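As C-alpha cells, the structure follows; a few thoughts come after it.
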Amino acid sequence: MFVDNERLKSFLLDSGMVKPEVVDQEMKESQETGKRLGDILVEKKILDSNQVRQLYSYILGIPFVNLEKESIPKEILQIIPEPIAKKYKIVAFKKTNRELKVAMLNPEDIQTIDFIRKKTGLKISPCITTEEGIVNALKQYEQSLKAEFGDIIEKNSGAIAGKGDLEKAAQDLPVIRIVDTLLKHAILQEASDIHIEPDEKEVRVRYRIDGILHDAMSLPKVVIDGIVARIKILANLKLDEHRLPQDGRFKIDQEGHRVAFRVSILPVYSGEKVVMRLLDESSKGLTLEAMGLWGAPLEKVHQAIKRPNGMILVTGPTGSGKTTTLYTVMDILNTPQVNISTVEDPIEYKMFRINQTQVSPQIGLTFSQGLRALLRQDPDIIMVGEIRDNETMEMAIHAAMTGHLVLSTLHTNSAAGTIPRLLDMGAEPFLIASTVNVVMAQRLVRRLCPDCRQSFNLDKELLDSLQGQISVERVLDLARQNNILEKSLADSKDWSKINFYRPGGCSRCRNEGYKGRIGIFEVLEMSEVISEMVSKRATSDEIEEQAKKEGMMRMMEDGMIKAVQGITSIEEILRVTKD
C-alpha cells in the first residue's frame, strides 16, 4: 500500500499527532534511507501500526476495520479459500446481498481483488486492517479445520486395528493423519506439552495449556501402538525397544512457525506413555520486562548481569520458567565481545553464537564434568543448567571467584531459601557471600483474559484472609511508590474501593478466563549486611527479614500488585505461592 511521504507528512502536521520537529527529522531519515515515513514512525514507536493504518485509511478514503478480536462466521470466512487468504493476506469478514467486504493489508492490490471478484461473482469492498487482525482471522481457518478433523479418529481407528508390523503401521496414512492432527491442535491451542497416556481400555490425550493439563480427546486402545511407532520414527528412536525409557526430538514447520518437539517415552503398566514438550523456535526473544520483572527488582537484575563476575541464581519448582529466565539473560549478554558457554540437560533452544553442551551421564558427561571442560574453553559467561550436587556447586563458585559470570538454577521455594540450600551442599559461607550477586525466585501465574475478566471489590472476609498471609499495607505502599494506584486511593488504605478482577470465560480464552502466563518474582540482592549474615550462617527467615527491610518485594507482594493492575487474579497468586 503506497501513501507518499509528502501526503502523510502534511496530514501529520495538520492533525498535530506528531510534533513538527519529529516529522521533519523522520522525513529526513526517510529520504536518506529510502524507507517509508510510516514504517519509520512505527519502528521508532512514535506511532503504532494501528494508528498508521488508520491514517492511511483516512488519506486514501478506504474504510478501516479492526479484526484483532472479531469472530468471523465460518461460512463467510471460507468464501475465500485458505491458501489464497494466507498467500495474499486477504480475508472475507462480512457479506450483504451481492457485496463481500474483505480486509487486507494492501487494498490497492487490484489484481487480487479482481481475482476474488471473478472467483466469487460478488462485488468486492476492500478495507484496510492490521497485521494482527489478519493473523487473528487466519487462525479461525485453523479452528474450522479442527472441527473438520474431529472425526478422523473414529473413521480411521478401525483401519489401524490388527497391524502387527510396527514400522508398516507407523507409515500408514491413518496413523500419520492422527499424529499430525494431535500436533496441529497442540500448536493451535498454544500448548506447552502433549501427554499421550495408555489406559486399559482407551488412550487419553491431554494438553498442558498455561500450566494446567486439559483433556483433549480419548482414542481407542487399538491406535496406541501405531501412534507411538510414528512418534518414534519422527524422533529417530528404536521401534523395537518397549522396556526402557527413550528420549529424542524432532522439528516441524507450520506456516512460518518452526516448532521443536522434545519427546520422552516411558514404559507404563498399559503400554508406553509419550510426553512431548513444544518449543517454538521461531518465537522472538523475550525481555525481562515482558516476563514480568519491573521497577526496583528489574534494576537489581540488570545491575547484577552487568558485573564481570559472580553468580546469578534462579530458583523455583519445575515448570516455573527458570530456564526461560536464564535464556533471556543470556540473550541480553550475547554480544560478539564475550564467549558464552553452557552445560544443559536438555538443550531447550539453540541460541546463535552460544556454545551449548548437552549433558550425557551414561557416557560420563555430567554437569560437573562438562563445567570442568568449559573452564578450559576461555569462557566469559557460563550457564550451568542446574546445580544438583556438591561437585557442580563447588566448581560454579570457583568459576565465579576466578573472573567468570556464572548463571544457574536451583530448586528452592524462595530466594532466601537458596542460601541454606548451598550451605547444605557443603559450600563455605564466606564463599557464598563473596560470589553470589543476586538470587531470583519465581513462579508463573496465568494472565486474565482481557476480553472477559470481571471486576469485583474485596469484602471484609476475603481481606481478613489475605491479611493472614501478606502485609496488605506494604502492598499499598509499593503500589503508591511505583504510581500503580492513585495516591489518594493508596493513602486512604480503603481496599473496598480498589478494583480486582476474576476470570470470566469467552471464545478467545476457550472459556478458561485466562490466556497466557506471566512471572511473579522476588529478587534478593547480596548487600553488605546480608553478606555478613550469610558468613555467620543466618537462617533463611532472618535473611528474608533483612532483605524486606532493604526493600525486597516478596513473590506474593509482586503477585498482589499484578492483581491490583488487573493482570492476574488473587486466586492464581494463592495457587502458585502456597508452599
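The values are calculated or read from the model by the stated rules, or taken from the named source; none is laboratory data. Because the structure is a prediction, the values reported are computed rather than measured. We place every Cβ from the backbone using ideal geometry, glycine too, and count neighbours over all the protein chains shown. Heads up: the accessible areas ignore ligands, DNA and RNA and are worked out on the full protein's heavy atoms, side chains in. Shrake-Rupley method; radii C 1.70, N 1.55, O 1.52, S 1.80 Å.
Counting only other residues whose beta carbon sits under 9 Å from that of residue 444, what net charge do I get with K and R as +1, D and E as -1?
Its environment carries a net charge of +2.
Just to make sure I understand: if all protein chains stay in place, what is the order of 65, 102 by accessible area at 1.4 Å, largest first?
65, 102
Taking the Cα centre as origin and putting +1 on Lys and Arg beta-carbons and -1 on Asp and Glu beta-carbons, what dipole magnitude results for the chain, to the nearest 20 debye?
1640 debye
In the chain, what percentage of the DSSP-assigned beta bridges are antiparallel, given to the nearest 5?
65 percent
Probe of 1.4 angstrom, ligands and nucleic acids ignored: what's the accessible area per residue over segment 242-348, in square angstrom?
Result: 47 Å² of accessible area for each residue.
Spin-label point model (7 Å from Cα, Cβ direction): what's the residue 472 to residue 337 distance in nm?
5.0 nm
Calculate what fraction, in whole %, of the accessible area of the chain sits on carbon and sulfur atoms when a 1.4 Å probe is rolled over the protein chains.
C and S fraction of accessible area: 48 percent.
For residue 123, give me every one of the aspartates and glutamates with a C-alpha distance below 20 angstrom, ignoring sequence neighbours fewer than eight places off in its own chain.
Those aspartates and glutamates meeting the cut-off are 75, 82, 99, 108, 109, 114.
With θ set to phi - 60°, apply the Karplus curve 6.51 cos²θ - 1.76 cosθ + 1.60 along segment 499-504 and write out the HN-Hα couplings as whole Hz, x wherever there is a Gly or Pro.
In residue order, the calculated couplings are 7, 10, 10, 10, x, x Hz.
Indicate the gyration tensor shape class of the chain (rounded, prolate or oblate), computed on the Cα atoms with a ≥ b ≥ c the square roots of the eigenvalues: a/c under 1.5 is rounded; otherwise a/b larger than b/c is prolate and the rest oblate.
In terms of gyration-tensor shape, oblate.
Quick one: which of 497/562; 184/515; 45/101; 86/119 span more than 22 angstrom between C-alpha atoms?
45/101
Pop out the ³J(HN,Hα) list for segment 547-552 in order, Karplus 6.51 cos²θ - 1.76 cosθ + 1.60 with θ = phi - 60°, rounded to Hz; leave Gly and Pro as x.
4, 5, 4, 8, x, 5
Report ³J(HN,Hα) in whole Hz for each residue of segment 225-239, in order, from the Karplus equation J = 6.51 cos²θ - 1.76 cosθ + 1.60 where θ = phi - 60°; Gly and Pro get x.
4, x, 5, 4, 4, 4, 5, 5, 5, 4, 8, 6, 10, 6, 6
Once you mark the chymotrypsin sites (Phe, Trp or Tyr not before Pro) that are in a DSSP loop and have at most 11 other Cβ atoms within 10 Å, what is the longest gap between them in the chain?
3-268
Calculate the FRET efficiency for residue 217 and residue 506 from the Cβ-Cβ distance with a Förster distance of 25 Å, rounded to the nearest 0.05.
0.65
From the helices alone, meaning DSSP H stretches of at least four residues, give me the mean residue ellipticity at 222 nm for the chain, per-run term -39500 (n - 2.57), in deg cm²/dmol to the nearest 500.
My calculation for the chain gives -12500 deg cm²/dmol from helical runs alone.
In a shell of Cβ-Cβ distance under 12 Å around residue 397, excluding residue 397 itself, what net charge do Lys and Arg (+1) and Asp and Glu (-1) give?
Here the count lands on -3.
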